[in-house]
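Data block below; observations after.
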Amino acid sequence: MPELIYDLGAPGRQGVQLPAPDVPLAELPSAHLRGDLPLPEVGELETLRHYTRLSQLNHSILTGFYPLGSCTMKYNPVINEETARLGGFAYAHPLQPAEMVQGSLAIMYHLQEWLKEITGFGGCSLQPAAGAHGELAGVMMIRAYHQSRGDTQRNKILIPDSAHGTNPATSSMSGYRVVEIPSDARGNVDLAALKAECDETLAGFMLTNPNTLGLFEEQVVEAIEAVHAAGGLVYGDGANMNALLGVCRPGDLGFDVLHLNLHKTFTTPHGGGGPGSGPVCVAEHLADFLPGPIAGIVKEAGEGEAPEYGWVMPQQSIGRLKAFHGQFGMHVRAFTYILMQGAEGLRAVAEHAVLNANYLKARLEGAYKVAYDRPCMHEVVLEGRWPDAPDVHALDISKRLMDYGFHPPTNYFPLIVREALMIEPTETEDKATLDAFADAMLKIAEEAHNEPETLQNAPHTTKYGRMDEVKAARQLVLCCEFPRNIET
Ligand SMILES: *Cc1c(COP(=O)(O)O)cnc(C)c1O
């Protein structure tokens, strides 16, 4: 079967018809023409077949269950796509004057207001393009805050050992020294270790809650108070907000700043390199430092009128972090999602996300060791290893799951759990799907003991077998040539 679109072509085939030129033909300078670029000559139908076939080689949320922990691979409602494609939104130009795009500005303004309400904060900027970008905005604001007060000796940020890798990366990119704080036996931040680092050099503390073990930090308020008492600020990694919607607000817990992942919690698409969106929300004392400009009301509404929206630059803004105004299409999608859910719907999201994860925990805990055995939030972390099956690893379990038609969970993260399998079912899956997944996991646990080689050689049913991940990283092939030596 031909693998490359280049193999499909034949001289003279084409998929587009260009109108006859209405200017005289000219010779192109030969220096600008490349002879080494064998562009395919293909018709429309074979092009569509090629890309459709490629798309089907990938697992997606529309083809099956996708319990990739911490990534919240939940269903993205189709209505989001409809609203994002409305002409007034889809064709708005970012340089149009504010008075021509009042509707778009209103969407952004109200989304900011809702995110503030959901998180319990006083300010919000939609500019950051991803979670990590929101973190960068947040830590830059922490830095700007200390500097604005002449408090310049603060040079370190504390980060728990369970944190997502973007947290330390963000802190060191912002010029801070990162100090790792261990977790205690219950999977919480070790409070004594945290307090020992709370001194006059402390700039901030980055905390994910629920943390990446899927657990609510039991002493979150005490931890925040300790950091505040030392003059530090607390950054909340809100990527796991799916577990808290409508139940608990980070602003009320005392966090100073938090990012959200619209592409996780608020059903804008992610994966495949598409645009994300990582709004950053802050308490009042940081609102002046937000990246801008942000959508604001520039003239209050008169009798029976709509207010006038415009761009507002916070007074001590850390500046612009993104071309134009962030990923506007994602703002429309998230706005639609929140509007469709309403307050009660959002709370139900969190309740069902937590219920589903605990259901899987209950079904699997006999066969797998639960890393930290207490009720989990929206995800559960298991250990993919058994003392009496020493040659089976979490990776083998994940690969075998593909044979049963499921996307693997997150592997080997958080780093503090041996052979970690981090499972996030999300609220959009029903009981039948959860049961089918649990059945497959239980079957795999049996196989691990009775026929370990079935796991070690998995996957067996996918188009490509197990990849050599080391080789893939060392001999990266970035063009679209598929490796010929892999059996298809
Ligand atoms: C996904 C995630 C991030 C980073 O978000 P991106 O949009 O991928 O940059 C940060 N922290 C946690 C806990 C996450 O799950």
Worksheet item: When the Karplus curve 6.51 cos²θ - 1.76 cosθ + 1.60 is applied with θ = phi - 60°, which whole-Hz ³J(HN,Hα) does each residue of the stretch 206-212 get, with x for Gly and Pro?
Response: 9, 10, 9, 9, x, 6, 6
Practice prompt. Quick one: accessible surface of Tyr337, probe radius 1.4 Å, all protein chains present, in square angstrom to the nearest 10.
Written response: 10 Å²
Item to complete: Note down the accessible area of Leu68, probe 1.4 Å, to the nearest 10 Å².
Response: 40 Å²
Fill in: Helical segments meeting 30 Å axial Cα length and Kyte-Doolittle -1.0 threshold in the chain (DSSP H)
328-364
Practice prompt. Could you look at the chain and say what percent of its accessible area is carbon and sulfur, using a 1.4 Å probe and all protein chains?
Written response: 56 percent
Practice prompt. Place a label point 7 angstrom from the Cα of Leu45 along the Cα-to-Cβ direction, then list the residues of the stretch 7-39 whose backbone nitrogen is under 14 Å away.
Written response: 14-15
Practice prompt. Please work out, to two decimal places, the log10 of the ratio I(q)/I(0) at q = 0.09, 0.11, 0.19 Å⁻¹ from a Debye calculation in which every Cα of the stretch 195-326 carries one identical scatterer.
Written response: -0.35, -0.52, -1.19
Discussion item. Leaving ligands and nucleic acids out of the surface, order Lys299, Lys322 by accessible area at 1.4 Å, largest first.
Written reply: Lys299, Lys322
Item to complete: Quote the Stokes-Einstein diffusion coefficient, in whole µm² s⁻¹, for the chain, based on the Kirkwood radius over alpha carbon pairs, a temperature of 37 °C and a viscosity of 0.692 mPa s.
Response: 131 µm²/s
Worksheet item: Which FRET efficiency value, to the nearest 0.05, is calculated for Gln14 and Ser55 with the Förster distance at 35 angstrom and r the Cβ-Cβ distance?
Response: 0.95
Item to complete: Assign unit charges at the C-beta atoms only (+1 for Lys and Arg, -1 for Asp and Glu), then state the dipole size of the chain relative to its Cα centre in Debye, rounded to the nearest 20.
Response: 620 debye
Worksheet item: Here are some pairs, Lys116/Lys264; Lys264/Lys443; Lys361/Lys463; Lys443/Lys471; Lys195/Lys264; which of them have Cα atoms lying more than 22 Å apart in this structure?
Response: Lys264/Lys443; Lys361/Lys463; Lys443/Lys471; Lys195/Lys264
Discussion item. Just to verify a number: what accessible area does Glu44 come out at with the full protein assembly present, 1.4 Å probe, Å² rounded to tens?
Written reply: 120 Å²
Discussion item. Can you sort Glu469, Glu344, Glu419 by solvent-accessible area, 1.4 Å probe, largest first?
Written reply: Glu344, Glu469, Glu419
Practice prompt. Using only the alpha carbon atoms of the stretch 63-167, find the Kirkwood hydrodynamic radius as the inverse mean reciprocal pair distance, in angstroms to one decimal.
Written response: 17.7 Å
Discussion item. Once you place label points 7 Å from the Cα toward the Cβ at Val178 and Thr63, how far apart are they in nm?
Written reply: 3.4 nm
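Assign one of three labels to the stretch 34-125, namely rounded, prolate or oblate, based on the Cα gyration tensor with a ≥ b ≥ c the square roots of its eigenvalues; rounded applies when a/c is under 1.5, prolate when it is not and a/b is larger than b/c, and oblate otherwise.
oblate
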Worksheet, complete the sentence: Applying the gyration tensor rule to the Cα atoms of the stretch 349-473 (axes a ≥ b ≥ c; rounded if a/c under 1.5, else prolate if a/b exceeds b/c, else oblate), the class is prolate
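Nearest-5 percent of antiparallel DSSP beta bridges in the chain?
Within the chain, antiparallel bridges account for around 55 percent of the total.
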Practice prompt. Rounded to the nearest Å, what's the spacing between the alpha carbon centres of the stretch 18-81 and the stretch 231-264? Just the number, please.
Written response: 37 Å
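For the chain, what is the mean residue ellipticity at 222 nm derived from helices alone (per DSSP H run of n ≥ 4: -39500 (n - 2.57); sum divided by total residues; nearest 500 deg cm²/dmol)?
Rounded to the nearest 500, it is -10500 deg cm²/dmol.
Cys198: net charge of surrounding residues, Cβ under 14 Å, Lys/Arg +1, Asp/Glu -1, itself excluded?
Taking every Cβ under 14 Å from that of Cys198, the sum is -3.
Packing-wise, with mean Cβ within 10 Å as the measure, how do 154-162, 405-413 rank, highest first?
154-162, 405-413
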Practice prompt. Provide the percentage of antiparallel DSSP beta bridges, counting only those with both residues in the stretch 107-241; round to the nearest 5.
Written response: 5 percent
Discussion item. Test of understanding: extend the Cα→C-beta vector of Ala323 to 7 Å, then name every residue of the stretch 265-297 with backbone N under 16 Å from that spot.
Written reply: 274-276
Worksheet item: P(r) for the stretch 162-263: what percent of alpha-carbon pairs falls in each 5 Å bin, starting at zero?
Response: 2, 13, 25, 27, 21, 9, 2, 0
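The values are calculated or read from the model by the stated rules, or taken from the named source; none is laboratory data. Since we're looking at a predicted model, the values are computed, not measured. Neighbour counts are summed over all protein chains in view; Cβ atoms, including those assigned to glycine, are modelled from backbone coordinates with ideal geometry. Surface areas here come from the heavy atoms of the whole protein model, side chains and all, with no ligands, DNA or RNA. Shrake-Rupley method; radii C 1.70, N 1.55, O 1.52, S 1.80 Å.
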